[in-house]
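Right, one structure below, let's go through it.
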Amino acid sequence: MPRALIPLAVGAFAIGCTEFVIMGLLPQIGADLGASIPAMGILITAYAIGVMVGAPAMTALSTWLTTKQTLITLMAVFAAGNLLAALAPNYQVMLVARVVASLAHGSFFGVGAIAARRAVPAHKATQAISLMFTGLTLANVIGVPLGTFVGQQFDWRWVFGGIAVLGLVTILTLRVYLPEEGIRIELRTELGAFRKSQVWIGLGVTTISFGSLFAVYSYITPILTEHTGLGGTAITVVLAVFGIGTTIGTVVGGRLGDRYGMRMVAVGLLITAVLLATFTFTSYSLWSAVATLVAFGAVMFALGPAVQNKIIIAAGSGGSLVSAANQGAFNVANALGAALGAYVINVGWGYGATMWVGAGLAALGAVMVTVNGLVDRSRTSKALRELVAA
């Protein structure tokens with residue numbers, strides 16, 4: 001791993017911890033701050049909204065900074081938000097702290113993906129992005145379970161204080177390992193990238209395709225509880241195994257993405273659709289449910305780096321803002337998938353219906369990628385014919 005990728009992976013790990021660890025600590029934080037569980041749930045929603053707003057806004061505001069300075073500034077904002085959370089005297093301050101921390105999330109991943117690509121030869125760009133994203137998946141395997149244990153057994157404030165320290169470690173390693181290239185974001189160029197149809201298609205693919213992930217994963221605990229009878233610690237173990245699958249998928253997907261590009265994404269989405277359709281049957285048996293779930297996580301997370309790299313390429317010279325916007329699209333996918341899953345459950349179709357929703361979104365994503373690829377090849381062939389004719 002190039003040394004420049006180390007701070008990016010550490011920062012991704014810290015961000016993954018702060019986003020997801022709160023879900024296991026809601027009762028403890030709520031009891032300490034005198035807030036109800038529904039009110040505590042707003043902390044999760046506020047974080048997601050902050051990511052969607054902060055991804056393009058923070059990137060646009062950093063036009064006077066270099067890439068290295070932007071990443072350091074973003075991580076300083078992130079660390080400050082988590083420190084404020086650790087010291088929050090009441091619910092209102094905690095809500096502000098979560099929003100502050102979330103503002104840096106999407107932009108760090110967006111600008112970080114650009115920095116990761118620059119750290120390696122062009123033919124390894126997707127692998128570089130995948131290694132950065134591995135920090136996020138490892139957060140779910142190591143950071144979140146550890147943080148949940150510390151918060152439940154000792155004090156939840158130590159968890160956010162520890163994440164703030166991770167933010168400082170990221171800043172220090174960014175200063176040491178990330179080269180200073182003097183490249184700054186030009187806002188006019190960045191905004192101009194959004195006039196390209198391929199950029200919007202890429203954002204649409206992210207929203208639809210990863211909506212399939214969250215249509216199922218958002219309800220994975222009640223699915224496993226109702227279908228297999230699992231509960232408590234056993235669910236935690238299954239989710240940890242799922243996290244291992246996503247980590248392996250992210251690493252392998254980086255290599256396959258560099259070799260096969262969006263063809264790998266189209267095939268992966270079709271496989272996902274089949275896996276989720278299969279899950280409607282295998283989810284009733286423990287071992288088959290775990291096997292299907294792990295395969296599902298590995299395939300879906302293998303696609304993320306390839307999609308991120310493709311949208312940066314589509315943006316051309318204005319890739320930072322588009323790259324950050326793709327992180328916003330990922331959070332829109334989160335909201336879309338969870339909302340559609342909630343709808344089919346509320347109308348009485350059961351948890352199995354969430355899997356069909358996910359399968360449908362994955363299949364639609366595969367169609368979008370395939371059609372777009374055919375159009376791209378048609379345009380390329382036409383351009384070559386015109387060049388030869390000239």
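Remarks
- The residue list Ala339, Ala324, Ala335 contains one member that is crowded, with 23+ Cβ neighbours inside 10 Å, more than 15 Å from Ser197 (Cα to Cα) and among the aliphatic types (A, V, I, L, M), which is Ala324.
- Test set (1) crowded, with 20+ Cβ neighbours inside 10 Å; (2) within 27 Å of Gly143 (Cα to Cα); (3) more than 20 Å from the chain's Cα centre (by Cα); (4) of a type in the set (A, V, I, L, M, F, W, C) - Trp287 fails condition number: (1)
- Residue within region 172-187 that is within 24 Å of Gly112 (Cα to Cα), touching a residue at least 24 places away in the same chain (Cβ under 8 Å) and under 18 Å from the mean Cα position of the chain (by Cα) present: no
- Scanning region 290-299 for residues being crowded, with 24+ Cβ neighbours inside 10 Å, under 19 Å from Gly352 (Cβ atoms) and not small (Gly, Ala, Ser) gives a total of 2.
- Test: residue in region 95-104 that is over 16 Å from Pro7 (Cβ atoms), out of contact with any Leu (no Cβ under 6 Å at 6 or more places or on another chain), touching a residue at least 40 places away in the same chain (Cβ under 8 Å) and surrounded by 24 or more Cβ atoms within 10 Å (Cβ to Cβ): yes
- Filtering Ala266, Ala314, Ala291, Ala302 for residues that are farther than 29 Å from Val199 by Cα and not polar (S, T, N, Q) leaves a single hit, Ala291.
- Some residue of region 181-200 being of a type in the set (Val, Ile, Thr), at pLDDT below 95 and under 27 Å from Val367 (Cβ atoms): yes
Here is a yes/no grid of residues against (1) touching a residue at least 24 places away in the same chain (Cβ under 8 Å); (2) farther than 16 Å from Phe160 by Cβ; (3) touching an Asp or Glu at 6+ places or on another chain (Cβ under 6 Å):
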| site | (1), (2), (3) |
| --- | --- |
| Ser36 | no, yes, no |
| Ala48 | yes, yes, no |
| Met52 | yes, yes, no |
| Ser62 | yes, yes, no |
| Thr73 | no, yes, no |
| Phe78 | yes, no, no |
| Leu87 | yes, no, no |
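- Each residue in region 208-246 was checked for being β-branched (Val, Ile, Thr) and crowded, with 23+ Cβ neighbours inside 10 Å, and 4 pass.
- Residue match in region 254-277 (condition: modelled with pLDDT of 95 or more and of a type in the set (S, T, N, Q)): yes
- Complete set of residues in region 105-130 that are in contact (Cβ under 8 Å) with a residue 24 or more places away in the chain and among the small types (Gly, Ala, Ser): Gly106, Ser107, Gly110, Gly112, Ala113, Ala115, Ala116, Ala119, Ala125, Ala128, Ser130
One line per residue, one yes/no per condition, for (1) surrounded by fewer than 24 Cβ atoms within 10 Å (Cβ to Cβ); (2) at pLDDT below 95; (3) not assigned by TED's automatic domain parsing to the domain that holds Thr148:
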{"position": "Ile6", "(1), (2), (3)": "yes, yes, no"}
{"position": "Leu25", "(1), (2), (3)": "yes, yes, no"}
{"position": "Ser36", "(1), (2), (3)": "yes, yes, no"}
{"position": "Ile42", "(1), (2), (3)": "yes, yes, no"}
{"position": "Gly50", "(1), (2), (3)": "yes, yes, no"}
{"position": "Val53", "(1), (2), (3)": "yes, yes, no"}
{"position": "Thr59", "(1), (2), (3)": "no, yes, no"}
{"position": "Val93", "(1), (2), (3)": "yes, no, no"}
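- Residues considered: Ala215, Ala240, Ala234. Of these, the only one that is within 25 Å of Gly11 (Cβ to Cβ) and outside the structural domain of Lys124 (by TED's automatic domain parsing) is Ala240.
- Yes/no for Thr207 being under 23 Å from the mean Cα position of the chain (by Cα), assigned by TED's automatic domain parsing to the domain that holds Met368 and under 27 Å from Arg117 (Cα atoms): yes
- Consider region 247-270 and keep the residues that are within 22 Å of Val375 (Cβ to Cβ) and among the β-branched types (Val, Ile, Thr). The one that is surrounded by the fewest Cβ atoms within 10 Å (Cβ to Cβ) is Val267.
The values are calculated or read from the model by the stated rules, or taken from the named source; none is laboratory data. Computed from a predicted model, the values in this text were never measured in an experiment. Glycine also receives a Cβ, built like all others from the backbone with ideal geometry; neighbour counts cover every protein chain displayed.
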